[in-house]
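What follows is one structure encoded as structure tokens, with my remarks underneath.
The values are calculated or read from the model by the stated rules, or taken from the named source; none is laboratory data. Worth saying up front: this structure is predicted, and the values here are computed from it rather than measured. Glycine also receives a Cβ, built like all others from the backbone with ideal geometry; neighbour counts cover every protein chain displayed. Heavy atoms of the whole protein, side chains included, go into the accessibility calculation; ligands, DNA and RNA do not. Shrake-Rupley method; radii C 1.70, N 1.55, O 1.52, S 1.80 Å.
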Amino acid sequence: MKILFFGDIFGRTGRRAVVDFIARKKKELSIDLVIANADNISSGKGPIEKTYNELIDGGVDVLTCGDHIWDNKEVEVLLDDQKKLIRPINYPKINPGEGYKIIEVDGQKIMIASVLGRVFTTEGLDSPFATLDEAIEKEKCDTIFVDFHAEATSEKNAFGHYFAGRVSAICGTHTHVQTADEKILEGGTAYISDVGMCGPSEGVIGVDKDQSIKRFLSAIPTSFEPAEGRGQINAVIVEIGEDGKAKSIDRINELTD
Ligand SMILES: [Fe+2]
Ligand SMILES: [Fe+2]
């Protein structure tokens, strides 16, 4: 099974770049399943119906998320189990939505999970390690794809080694900067610390660079808008065998118009 996974999609520039990339490349690259991180799809904020529909209609099969999942109240209707959005699994259970989905792709069952790191992110989360452990134990799925949305590379590295050989792929998101450390960990787990961002390439991790610089200079919080200009696609292609072991992980880092 070949999975195409897009890092954080940021605003309109990101949505358009992703939909265009799928239309141009899905067939050529023999992709079976498209997964994307939706943490910033609505002008840098989390999912709403309009932006969700644009990506699902454009060919994304499952959307994962992160710390921006609750930005818009209307996200709750998108967390219905008939929809294709999953929220981080380790938000306390009192919240709506599920942290993983199990679907079938060409006769192979795959569990897709969204997990949020705890270092420099959100207070009050359950343990990403223990929560995913529990779900894996319960579902007993051979093929498991995990989006680990986290800030610290140390937490991501530890998470990768902890689950090595027990999941098919761990692809990091959230920093918006692609790392060049993709590898197959012991036991057949594809790993990358951060896939990067699909969005404006000339801003500061997606936002207007002047607004960002002003905030650093002044130390006064201001609202941010997405940067203008050309975009970029940051993604990976992970190939997984029928036994659930990863065969390869390849990075994509392209500028768009
Ligand atoms: Fe993000
Ligand atoms: Fe994030």
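Quick notes on this one:
- Members of the range 101-110 found to be under 19 Å from the mean Cα position of the chain (by Cα) and either charged (D, E, K, R) or crowded, with 23+ Cβ neighbours inside 10 Å (or both), listed by number: LYS101, ILE110
- The set of residues in the range 223-245 that are assigned to a loop (DSSP other than H, G, I, E, B), more than 19 Å from ASP257 (Cα to Cα) and of a type in the set (A, V, I, L, M, F, W, C) contains only PHE224.
- Options SER248, SER212: the member that is modelled with pLDDT of 95 or more, among the small types (Gly, Ala, Ser) and not in a strand (DSSP E or B): SER212
- When residues in the range 50-70 are screened for being under 22 Å from CYS171 (Cβ atoms) and assigned to a loop (DSSP other than H, G, I, E, B), 9 of them pass.
- If the condition is being open to solvent by less than 10 Å² (accessible area, probe 1.4 Å), outside any loop (DSSP other than H, G, I, E, B) and free of Cβ contacts under 8 Å to residues at least 40 places away in the same chain, then the range 6-42 contributes only VAL34.
- Any hit, the range 46-69, residues being open to solvent by 70 Å² or more (accessible area, probe 1.4 Å) and not charged (D, E, K, R): no
- Note on the range 71-87: residues that are over 18 Å from CYS171 (Cβ atoms) and touching a helix residue (DSSP H, G or I) at 6+ places or on another chain (Cβ under 8 Å) total 4.
- Residue selected from the range 168-204 under the condition without any contact (Cβ under 8 Å) to a residue 40 or more places away in the chain and part of a loop (DSSP other than H, G, I, E, B), by the criterion nearest to ligand 2 (Cβ to nearest atom): THR175
- Selected residue [within 15 Å of ligand 1 (Cβ to nearest atom) and either of a type in the set (Ser, Thr, Tyr) or in contact with a Cys (Cβ under 6 Å, 6 or more places away or on another chain) (or both)] from THR179, THR222: THR179
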